[in-house]
Amino acid sequence: MTAFAGLQKCYCNLVLNSRLALPDSLPKLIHVSITEQLLYFYNNKTLAAKYPVSTAANGVGCQEGSGCTPRGWHIVKSRIGSGVPLATIFRGRVAAGVASDLCDTSNDDLITSRILWLSGLEANINCGGDVDSYQRYIYIHGTAQEHLIGSPVSHGCIRMRNRDVIELFELVAEQTPVFISCG
């Protein structure tokens, strides 16, 4: 069993049954439940925070161009936006102004406040070819449509309220594991 497979089994047990005895040294973990529209942040096997999110309006899927939220194991590959003001708008991952309204009713899918850029870890599921989460630009990010949080309305990313994504951003580092499930 590879080191990743061991961690994967350990995390799956944590996500599916938090009563299991797990190592005290278990690192940080983000679990996104598409069904619940919730993001859970674990620190050393303890649920440290829970946030409402919005995943894809098109449901679950890993195919490029699908507009779906990919499932499975990922890591935070890049953290973008440290220190920028709340509601900063990112275009091409570069700060480009500040949103004046966080209840935007347009169809714009603005990326605001912080970006946690995800990279898939599972070949042919969310890594490589036309299912690669990193190449699909799958993020955990803030939104200018906070009133829609809790409903599946994104274009594939995981949207969060701006204050929540800033808080989560400060809790995680690059390489933090992210498990996206339908449960």
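The values are calculated or read from the model by the stated rules, or taken from the named source; none is laboratory data. All figures in this text were calculated on a predicted structure; none of them were measured in a lab. Here Cβ is always computed from backbone atoms with ideal geometry, including for glycine, and neighbour counts include all displayed protein chains.
What tally of residues in the stretch 92-109 results from selecting those that are in a loop (DSSP other than H, G, I, E, B) and either touching a Pro at 6+ places or on another chain (Cβ under 9 Å) or modelled with pLDDT of 90 or more (or both)? So that I can check it myself, show each step before the final result.
Step one: filter the stretch 92-109 for residues in a loop (DSSP other than H, G, I, E, B), giving 92-93, 99-102, 104-109.
Now narrow it down to the ones that are either touching a Pro at 6+ places or on another chain (Cβ under 9 Å) or modelled with pLDDT of 90 or more (or both): 92-93.
Residues in the stretch 92-109 being in a loop (DSSP other than H, G, I, E, B) and either touching a Pro at 6+ places or on another chain (Cβ under 9 Å) or modelled with pLDDT of 90 or more (or both): 2 in total.
Can you tell which of SER100, SER119, SER113, SER133 is touching a residue at least 40 places away in the same chain (Cβ under 8 Å), hydroxyl-bearing (Ser, Thr, Tyr) and surrounded by fewer than 22 Cβ atoms within 10 Å (Cβ to Cβ)? Can you show your working first?
Details: SER100 fails: touching a residue at least 40 places away in the same chain (Cβ under 8 Å); SER113 fails: surrounded by fewer than 22 Cβ atoms within 10 Å (Cβ to Cβ); SER133 fails: surrounded by fewer than 22 Cβ atoms within 10 Å (Cβ to Cβ).
None of the others qualify; the one that does is SER119.
Could you tell me which residue of the stretch 18-50 is modelled with the lowest pLDDT, considering only residues that are assigned to a loop (DSSP other than H, G, I, E, B) and hydrophobic (A, V, I, L, M, F, W, C)?
LEU20
Kindly provide the set of residues from the stretch 76-97 that are surrounded by fewer than 19 Cβ atoms within 10 Å (Cβ to Cβ) and in contact (Cβ under 8 Å) with a residue 60 or more places away in the chain, ordered by number.
Within the stretch 76-97, LYS77, SER78, ARG79, SER82, LEU86 qualify.
To keep it simple, each residue is scored yes or no on (1) touching a helix residue (DSSP H, G or I) at 6+ places or on another chain (Cβ under 8 Å); (2) under 17 Å from THR176 (Cα atoms); (3) in a loop (DSSP other than H, G, I, E, B).
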| position | (1), (2), (3) |
| --- | --- |
| LYS77 | no, yes, no |
| VAL84 | no, no, yes |
| PHE90 | no, no, no |
| SER133 | no, yes, yes |
| ARG159 | yes, no, no |
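So which residues in the stretch 51-75 are assigned to a loop (DSSP other than H, G, I, E, B) and farther than 17 Å from ASP130 by Cβ? If you could, list the steps in order and put the result at the bottom.
Taking the stretch 51-75 as the starting set, the residues that turn out to be assigned to a loop (DSSP other than H, G, I, E, B) are 55, 57-59, 61-68, 70-71.
Scanning the stretch 51-75 gives THR55, ALA57, GLY59.
Whether any residue in the stretch 165-180 is β-branched (Val, Ile, Thr), in contact (Cβ under 8 Å) with a residue 12 or more places away in the chain, in a loop (DSSP other than H, G, I, E, B) and over 19 Å from GLY67 (Cβ atoms) is what I want to check.
First, pick out the residues of the stretch 165-180 that are β-branched (Val, Ile, Thr): 165-166, 172, 176, 178, 180.
Subsequent filtering for residues that are in contact (Cβ under 8 Å) with a residue 12 or more places away in the chain retains 165-166, 172, 176, 178, 180.
Add one more test, that the residue is in a loop (DSSP other than H, G, I, E, B), and what stays is 172, 176.
Cutting the leftovers down to over 19 Å from GLY67 (Cβ atoms) gives us 172, 176.
Checked against the condition, which is being β-branched (Val, Ile, Thr), in contact (Cβ under 8 Å) with a residue 12 or more places away in the chain, in a loop (DSSP other than H, G, I, E, B) and over 19 Å from GLY67 (Cβ atoms), the stretch 165-180 yields at least one hit.
Of all residues in the stretch 137-172 being within 22 Å of VAL94 (Cβ to Cβ) and among the small types (Gly, Ala, Ser), which is surrounded by the most Cβ atoms within 10 Å (Cβ to Cβ)?
The selected residue is GLY142.
Taking the conditions exactly as written (without any contact (Cβ under 8 Å) to a residue 12 or more places away in the chain and not β-branched (Val, Ile, Thr)), does GLY72 satisfy them or not?
Working: without any contact (Cβ under 8 Å) to a residue 12 or more places away in the chain: no; not β-branched (Val, Ile, Thr): yes.
When the stated conditions are applied, GLY72 does not pass them.
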